[in-house]
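To keep things clear, I will list the structure first and then write my remarks on it.
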Amino acid sequence: MATNKSQEIELKFMINKDSIKDVECYLNRLGKPTESLQIANIYFDTANKDLHQHKIGLRIRRWNDQSEQTVKMAGSQVGAMSQRPEYNIDYTGSVPQLDLFPADIWPQTINTRKLQEQLEAQFQIDFQRQRWLLNVGVSTIEVAIDEGVIFVPTKDTRQEPICELEAELISGNITDLLQLSELLTQEFTLAPGLLSKAQRGFILAANAVVE
């Protein structure tokens, strides 16, 4: 089973729901929209949040008839821009299988066998993703608008809406990604997304009422 490793480099912005149509029209002028996706992410950790403490995100993502498990390792963030190593593997199970990932990616303080036994779902993120592939300078950039909800299936079913714009560098250089960011922020009121969807999910889960 092949592991797809990449260095995720992206910009994330919070977008006002009322501005989405205008942003979509603007992006349609810059490039061609691709197929929209309905995505369901389930994030996993231990009861003690061992992965979250190491700034590691573990999820199963499902869309259309596809499914994969993903681990995102600790990276760096400056304002709206984040860079993180990411590993993706096609997977149809209900709980991530850690031994499918390369053994050398884990911090020495993590015992993956023990961790595997303790994994449990923490929260779910469901959203509609509209995507555009843009050519900016020498680079290819995927821009996505995500609308949906983060929810914790506990006694009080805490939930929080998602309305985000992400721009991910597929190939090329960061300069072109920043140039696109400047264009977008000049046209629209966009707030830097300082927290990832997963970080927001863990905050929501921490405040949920457990049955």
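What follows is calculated from the coordinates using simple rules that are stated; it is not laboratory data. Please read all numbers here as calculations on a predicted model, not as lab measurements. Neighbour counts are summed over all protein chains in view; Cβ atoms, including those assigned to glycine, are modelled from backbone coordinates with ideal geometry.
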Report summary line: Of the listed residues (LEU98, LEU30), the one being at negative phi and in contact with a Ser or Thr (Cβ under 6 Å, 6 or more places away or on another chain) is LEU98
Report task. Find the residue count for segment 135-151, including only residues that are touching a residue at least 40 places away in the same chain (Cβ under 8 Å) and among the aliphatic types (A, V, I, L, M). Result -> 4
**Report entry** Condition met for ALA74 (outside any strand (DSSP E or B), closer than 26 Å to SER171 by Cβ and among the small types (Gly, Ala, Ser))
**Finding:** yes
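Give me a count of the residues in segment 35-63 that are among the acidic types (Asp, Glu), in a strand (DSSP E or B) and over 14 Å from GLN124 (Cβ atoms). Steps first, answer last, please.
So in segment 35-63, the residues among the acidic types (Asp, Glu) come out as 35, 45, 50.
Those still in the list that are in a strand (DSSP E or B) too: 35, 45.
Checking which are over 14 Å from GLN124 (Cβ atoms) leaves us with 35.
Adding up the residues that qualify gives 1.
Out of GLN128, GLN97, GLN69, I need the residue that is polar (S, T, N, Q) and surrounded by 18 or more Cβ atoms within 10 Å (Cβ to Cβ). Which one? Talk me through it step by step, then tell me what you get.
Numbers: GLN128 fails: surrounded by 18 or more Cβ atoms within 10 Å (Cβ to Cβ); GLN97 fails: surrounded by 18 or more Cβ atoms within 10 Å (Cβ to Cβ).
Step by step, each of GLN128, GLN97, GLN69 is checked, and only GLN69 is polar (S, T, N, Q) and surrounded by 18 or more Cβ atoms within 10 Å (Cβ to Cβ).
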Requested in this report: Can you give me the ranges of the helices (runs of 4 or more DSSP H) entirely in segment 112-211 with at least 3 residues that are more than 18 Å from ASP22 (Cα to Cα) and aliphatic (A, V, I, L, M)?
Outcome: 174-187, 197-206
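Is it the case that ASN111 is of a type outside the set (Asp, Glu), surrounded by fewer than 18 Cβ atoms within 10 Å (Cβ to Cβ) and in contact (Cβ under 8 Å) with a residue 60 or more places away in the chain? Give the derivation first.
Details: of a type outside the set (Asp, Glu): yes; surrounded by fewer than 18 Cβ atoms within 10 Å (Cβ to Cβ): yes; in contact (Cβ under 8 Å) with a residue 60 or more places away in the chain: no.
Here the answer is no, as ASN111 does not meet what is asked.
Give segment 35-62 a look and list any residue that's hydroxyl-bearing (Ser, Thr, Tyr) and touching an Asp or Glu at 6+ places or on another chain (Cβ under 8 Å), or say none. Can you show your working first?
So the first thing to find is which residues in segment 35-62 are hydroxyl-bearing (Ser, Thr, Tyr), and the list is 36, 43, 46.
Listed by number, the list holds a single entry, THR46.
Quick check, is ILE89 touching a helix residue (DSSP H, G or I) at 6+ places or on another chain (Cβ under 8 Å) and in a strand (DSSP E or B)? Please lay out each step first, then the result.
Numbers: touching a helix residue (DSSP H, G or I) at 6+ places or on another chain (Cβ under 8 Å): yes; in a strand (DSSP E or B): yes.
It is true that ILE89 is touching a helix residue (DSSP H, G or I) at 6+ places or on another chain (Cβ under 8 Å) and in a strand (DSSP E or B).
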Query raised in the report: Within the set of pairs 6 or more residues apart or between chains, which connect a residue that is closer than 11 Å to LYS197 by Cα inside segment 123-134 to a residue that is among the charged types (D, E, K, R) and not in a strand (DSSP E or B) with Cβ atoms less than 6 Å apart?
Result: ILE125/LYS197
**Report entry** Verdict on MET14 being buried (at least 16 other Cβ atoms within 10 Å of the Cβ), over 19 Å from PHE202 (Cα atoms) and under 15 Å from the mean Cα position of the chain (by Cα)
**Finding:** no
